[in-house]
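Coordinate-derived values only; no laboratory data. Since we're looking at a predicted model, the values are computed, not measured. Positions of Cβ are backbone-derived with ideal geometry, glycine not excepted, and every protein chain shown enters the neighbour counts.
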Ligand SMILES: Nc1nc2c(c(=O)[nH]1)N[C@H]1C(S)=C(S)[C@@H](COP(=O)(O)O)O[C@H]1N2
Ligand SMILES: [Mo]
């Protein structure tokens with residue numbers, strides 16, 4: 001009885017409403033599958049979420065979320081239920097009323113059981129700075145806001161780029177143990193306390209993801225990084241050579257609590273000049289959760305993936321570690337002729353080495369107009385950037401062109417870098433001033449070192465299926 005009456009009232013009200021409202025109501029009847037919803041997880045596609053059988057567009061609400069934008073973004077393209085099962089304060093009328101205003105449709109393949117008892121595995125993700133440039137939330141992949149960090153070559157912890165393959169493991173520091181194995185043989189454990197009581201060292205390193213600048217290649221899969229998958233910090237921890245003293249092997253395997261693994265040559269880890277650290281501090285603070293709390297390995301000069309976070313286990317071994325990040329193709333630069341996944345079967349992957357070091361790099365981060373005006377109406381523009389070599393104590397020369405590559409001018413390494421020795425494994429920031437009457441349209445930079453290494457001009461010459469190791473001459477178009 002009740003049901004019929006309600007229905008009747010609804011019909012009579014809506015028939016007296018303006019046409020616009022009717023259309024809006026019709027839109028809300030549109031149906032979307034879970035799959036379609038999942039495609040709406042970023043600003044370009046707008047951000048959708050579902051709750052029970054309804055679909056909502058939360059794009060314009062994100063900044064008003066009382067719990068912060070990053071928390072509500074966990075449900076981007078997914079259901080709110082796993083979160084609201086946990087954060088029960090949402091289950092009240094006030095919140096339902098807000099949600100109602102964002103409704104855009106219904107779930108076509110609605111399954112009431114699907115999320116009923118589910119708690120999202122990303123629930124415990126750390127709070128992140130909204131100044132990072134996010135590519136994805138689950139797992140978190142975010143760039144450092146590279147144009148903001150030129151004042152100081154050390155990247156503040158909260159602005160460090162984040163590259164996670166999985167949810168961030170939650171580790172109780174009191175129960176933490178680092179295991180050391182020789183092949184299958186267990187050797188010993190180190191608690192966090194024990195590690196902190198051992199001999200320690202501080203090392204400044206730049207870490208660059210193998211996929212930094214992937215976005216400039218055409219047709220590659222994976223996170224489409226721009227130039228901000230790189231950052232620099234001072235790490236403190238136990239030199240790995242101390243832990244390995246008296247042992248012999250060919251390789252070292254590192255395994256994280258999230259299951260991610262990689263390996264490096266034994267001699268890189270056992271040689272004290274390799275500066276490999278079992279690190280527990282980053283810029284003077286405990287490692288942040290996103291960067292490996294409580295312990296990560298730091299491999300100066302080597303590609304990002306070698307720096308395993310949430311370090312669980314170190315194994316001395318005769319062979320490289322199994323898995324996609326080492327023996328698989330994830331970090332292998334395949335020949336340019338391999339254009340798609342089907343082509344990969346044509347080659348012997350085992351014959352291609354996984355990247356350890358990345359080639360010489362430099363990028364333009366930004367340009368600023370300097371206040372003072374010069375004679376003849378000329379203005380002063382300052383161009384900023386970074387340059388990085390995997391080789392210790394190598395600080396590349398950087399040349400900049402503002403006329404499409406005809407003339408090149410040498411940039412200056414920033415004066416903050418008086419103590420170059422401290423930055424042995426770090427990047428260098430550079431800048432150069434131009435006095436010109438018109439803003440340049442396109443700026444290019446190119447780094448080189450004394451061994452004849454130079455950034456290649458043509459990006460097509462270094463195209464590879466996984467989009468790794470892009471160090472082509474960096475071009476920035478100025479708007
Ligand atoms: N355990 C673990 N270690 C990891 C990763 C990971 O997903 N899990 N990502 C790797 C990759 S690909 C990079 S580029 C760096 C990124 O380190 P950051 O997130 O501290 O910047 O960590 C590496 N270590
Ligand atoms: Mo990476």
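Short-range pairs are left out: with C-alpha atoms under 8 Å and at least six residues apart, the relative contact order of the chain is 12 percent.
Placing a label point 7 Å from the Cα of residue 368 along the Cα-to-Cβ direction, the residues of the stretch 127-171 whose backbone N falls under 15 Å from that point are 146-153. In terms of packing, defined here as the mean over residues of other Cβ atoms within 10 angstrom, the peptides 302-311, 57-66 line up highest first as 302-311, 57-66. Is the C-alpha gyration tensor of the stretch 122-186 telling us rounded, prolate or oblate? Criteria: a/c under 1.5 is rounded; beyond that, a/b larger than b/c is prolate, otherwise oblate. Taking the square roots of the gyration eigenvalues as a ≥ b ≥ c, the stretch 122-186 is prolate.
Dividing the radius of gyration of the alpha carbons in the stretch 60-197 by their Kirkwood radius gives 1.08 for Rg/Rh.
Straightening the chain between residue 60 and residue 158 buys 32.8 nm, computed as 0.36 nm per residue apart minus the Cα-Cα spacing. Note on the stretch 438-479: Rg/Rh from C-alpha atoms, Kirkwood Rh, equals 1.06. I'd like the distance between the alpha-carbon centres of the stretch 95-146 and the stretch 157-196, rounded to an integer number of Å. The stretch 95-146 and the stretch 157-196 have Cα centres separated by 28 Å.
With neighbour counts taken as other beta-carbon atoms within 10 Å, the residues 348, 53 rank, fewest first, as 348, 53. Working note: Debye formula, equal point scatterers on the alpha-carbon atoms of the stretch 341-479, no solvent; log10 I(q)/I(0) at q = 0.10 Å⁻¹ is -0.42.
Tell me what the chain gives for mean residue ellipticity at 222 nm when only DSSP H runs of n ≥ 4 count, each as -39,500 (n - 2.57), the sum divided by the residue total, rounded to 500 deg cm²/dmol.
-3000 deg cm²/dmol
With Cα atoms defining each centre, the stretch 214-273 and the stretch 384-400 are spaced 20 Å apart in the structure.
With neighbour counts taken as other beta-carbon atoms within 10 Å, the residues 435, 421 rank, fewest first, as 421, 435.
Restricting the calculation to Cα atoms, every distinct pair contributes to the Kirkwood radius of the chain, found to be 25.3 Å.
Multiplying the residue separation of residue 410 and residue 435 by 0.36 nm and subtracting their alpha-carbon distance yields 7.6 nm. With R₀ fixed at 35 Å, the C-beta to C-beta distance from residue 193 to residue 166 puts the FRET efficiency at about 0.85. Based on the Kirkwood approach, the hydrodynamic radius assigned to the stretch 212-264 is 14.9 Å, with every pair of different Cα atoms included. Maximal additional length on extending the residue 348-residue 419 stretch stands at 21.0 nm, based on 0.36 nm per residue less the C-alpha distance. According to the Cα-based calculation, Rg over Rh for the stretch 177-256 is 1.11, with Rh computed by the Kirkwood formula. The distance linking the stretch 50-94 with the stretch 405-479 is 43 Å (Cα centroid to Cα centroid, whole angstrom). Rounded to the nearest 10 degrees, the angle from helix 2-15 to the longest Cα principal axis of the chain is 80 degrees. Modelled spin-label separation between residue 181 and residue 103, with each label point placed 7 Å from Cα along the Cα-to-Cβ direction: 5.4 nm. The simple Förster model, with R0 at 41 Å and r as the Cβ-Cβ distance, assigns residue 127 and residue 391 a FRET efficiency of 0.65. Of all beta bridges that DSSP places with both ends in the chain, some 90 percent have antiparallel geometry.
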